[in-house]
Amino acid sequence: MFGDEDRTDRHYETIPPAITVCVGAVVLRDDRALFVRQTYGDGLTGVWTLPWGYVEGVDAQGQPDPPDRAVLREVLEEGGIPAEVVGLLGLQNHAGPHGEPRLYTLFLCRALAGDPVPDGHETDAPAFFSLHDLSTLTDPIDPFCNWLAQRVLRGDHTVIPPQTDNPYRPTSHFCRLSVRPPHARLWHN
């Protein structure tokens, strides 16, 4: 299931339809998070969001971008900011505007340099906002993006840092391992 199995195996002939994978980032510079104002989309025109997008890029060999590479591309495209991934914030199941399933992979990133610049297509304004800025912003802001950015800016989050030392030698890997106390239950009756 996880290794280098032969893709012609009968198992792969029965793979169900795929879910759309999206990426998003809380990009920090000091005590501020990067937001971008969207120019189009179902209910998104003129709305401030975190940089986000679909995992749709491919590398020189035609292989799909992994989510951590896709998020850095989206941050650069939508906000004009080069960044680095600090760690994984979490996963969020979500339905698109027509009920289609989406899985959001949410990263914490650090801005590396430069001032934010809109792409002029998907976004018309990027800016770094503090907690105070977010609480006084009069423009519309996406509720989930606002909630997530405020949690990060308050320090109310956990980051899973990249860990590349697992046996599969991934290009990046995020894993949070913890010891479960012997009395802890895996499910509730």
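Structure summary
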{"read-out": "Answer residue from segment 25-72, given it is assigned to a strand (DSSP E or B) and of a type in the set (D, E, K, R) and is surrounded by the most Cβ atoms within 10 Å (Cβ to Cβ) among those", "value": "37"}
{"read-out": "Cβ pairs under 8 Å, 6+ apart, first in segment 31-45 and farther than 15 Å from residue 74 by Cβ and among the small types (Gly, Ala, Ser), second at pLDDT below 95 and surrounded by fewer than 24 Cβ atoms within 10 Å (Cβ to Cβ)", "value": "43/97"}
{"read-out": "Flag if residue 94 is assigned to a helix (DSSP H, G or I) and over 17 Å from residue 66 (Cα atoms)", "value": "no"}
{"read-out": "Residue satisfying all of: in segment 141-162; in contact with a Leu (Cβ under 9 Å, 6 or more places away or on another chain) and part of a loop (DSSP other than H, G, I, E, B); modelled with the lowest pLDDT among these", "value": "161"}
{"read-out": "Single residue of segment 73-86 satisfying the filter (in contact with a strand residue (DSSP E or B) (Cβ under 6 Å, 6 or more places away or on another chain) and of a type outside the set (D, E, K, R)) that is surrounded by the fewest Cβ atoms within 10 Å (Cβ to Cβ)", "value": "86"}
{"read-out": "Counted residues, segment 97-121 - those being part of a loop (DSSP other than H, G, I, E, B) and either among the aromatic types (Phe, Trp, Tyr) or surrounded by 19 or more Cβ atoms within 10 Å (Cβ to Cβ) (or both)", "value": "1"}
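The values are calculated or read from the model by the stated rules, or taken from the named source; none is laboratory data. Model, not experiment: these values are computed from the prediction. Please note: Cβ atoms are built from the backbone with ideal geometry, for glycine as well, and neighbour counts cover all protein chains shown.
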